[in-house]
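The values are calculated or read from the model by the stated rules, or taken from the named source; none is laboratory data. None of these values were measured; they are calculated from a predicted model. Cβ placement follows ideal geometry from the backbone for every residue including glycine, while neighbour counts extend to all protein chains displayed. These accessible areas exclude ligands, DNA and RNA; they are computed on the full protein's heavy atoms, side chains included. Shrake-Rupley method; radii C 1.70, N 1.55, O 1.52, S 1.80 Å.
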Amino acid sequence: MSNSSSMPQFLLLAFADRRELQLLHFWLFLAISLAALLANGLILSAVACDHHLHTPMGFFLLNLSLTDLGCICTTVPKAMHNSLWDTTTISYTGCAAQAFFFYFFISAEYFLLTIMCYDRYVAICKPLHYGTLLGSRACAHMAAAAWATGFLYSLLHTANTFSLPLCQGNALGQFFCELPHILKLSCSHSGYLREIGLIGVSVCLVFGCFIFIVFSYVQIFRAVLRIPSQQGRHKAFSTCLPHLAVVSIFVSTSFFSHLKPPSIYSPSLDLVVAVLYSVVPPSLNPLIYSLRNQELKDGLRTIMSGCFSATISSVLSSVQHLKCNS
């Protein structure tokens, strides 16, 4: 029997066996990660610098961008490293850290999306109480609760999983350290049952948030359909569609990844689905929100025009300095 404390490393699932395809995956992941870093960085800068975006939705969008950056920076760099250097190994400590941070950011994002749904519900169904129910203190408390719950969720699951003795080898059927795949290597029945209990509590929490989101959107759509003017209905739908699209992508890919029937199991399908729920949403979220939010588009335009003007001024001053020296 191989104890977890004596296992030096795990073997991750490679994206391809051919060197050309490995390099293709490297460049693809590099492009996705750079796009995600740029887009989320622009949103963070726009929300922080533009006072028009100092709203509850802007505040939650800033937190959502932080979770997106965390997800990308947790899984993608190691996958890029393995593809570039033709290796599949990750250390035991590195695997534990990757699993902890991934589940921390992904669970915090889910709770933030639930809070953002509440924000849209109050804005459309109870607009007169919006300032009271979603003041700055209330927003800070809700965001802190989302981060703290995500931290506790990740800490409990990671600590329990990596405390189990492993006796089924060290090969993980995934491109990053995903806890269900590590549990498959365990040979401890008591620890496995303990993790099943934690999963049961987590499932209740996840489905509770999901039911809240569905109920909120039912109320939102009922309220929107009662708006007499077509322009008012269009504006109300426009404020909800970005959040609804982000939630749909996040929930559908996550649920399919963890609840798909065993009859359709295959390593390649697992790999594709894992990329869909761990890499694609953090990259698409900024694009989805920026396309439908006029204030955010204005803020991004201001940030980019300011950066462009600063760059032009710097270049002109450098040219002028060279002329003076010559």
*Look through H141, H25 and report the one residue that is without any contact (Cβ under 8 Å) to a residue 12 or more places away in the chain and open to solvent by 30 Å² or more (accessible area, probe 1.4 Å).*
H141
*Read through the list (1) in contact with a strand residue (DSSP E or B) (Cβ under 7 Å, 6 or more places away or on another chain); (2) at pLDDT 80 or above, then give the number of the only condition that C204 fails.*
(1)
*Subset of region 60-98 [open to solvent by 40 Å² or more (accessible area, probe 1.4 Å), touching a Pro at 6+ places or on another chain (Cβ under 9 Å) and not in a strand (DSSP E or B)]*: Y92
*Single condition V224 does not satisfy, out of (1) open to solvent by 40 Å² or more (accessible area, probe 1.4 Å); (2) assigned to a helix (DSSP H, G or I)*: (1)
*What is the number of the single condition among (1) more than 18 Å from A148 (Cβ to Cβ); (2) at pLDDT 90 or above that L84 does not meet?*
(2)
*Starting from region 120-138, take each residue that is open to solvent by less than 90 Å² (accessible area, probe 1.4 Å) and list its partners that are among the polar types (S, T, N, Q), counting only C-beta distances under 6 angstrom and pairs at least six apart or across chains.*
Y121/S216; C125/Q219
*Any idea which of L42, L37 is assigned to a helix (DSSP H, G or I) and farther than 21 Å from Y277 by Cβ?*
L42
_Residue that is surrounded by the fewest Cβ atoms within 10 Å (Cβ to Cβ) [pool: residues in region 45-56 that are in a helix (DSSP H, G or I) and at pLDDT below 85]_ = H51
*Write out, first by first residue and then by second, each pair whose Cβ atoms fall under 9 Å of each other, whose residues are 6+ apart or on separate chains, and whose first residue, in region 38-57, is more than 20 Å from P282 (Cα to Cα) while the second is open to solvent by 30 Å² or more (accessible area, probe 1.4 Å) and β-branched (V, I, T).*
C49/T302; C49/I303; D50/T302; D50/I303
_Every residue from region 141-166 that is assigned to a loop (DSSP other than H, G, I, E, B) and within 14 Å of F105 (Cα to Cα)_ = none
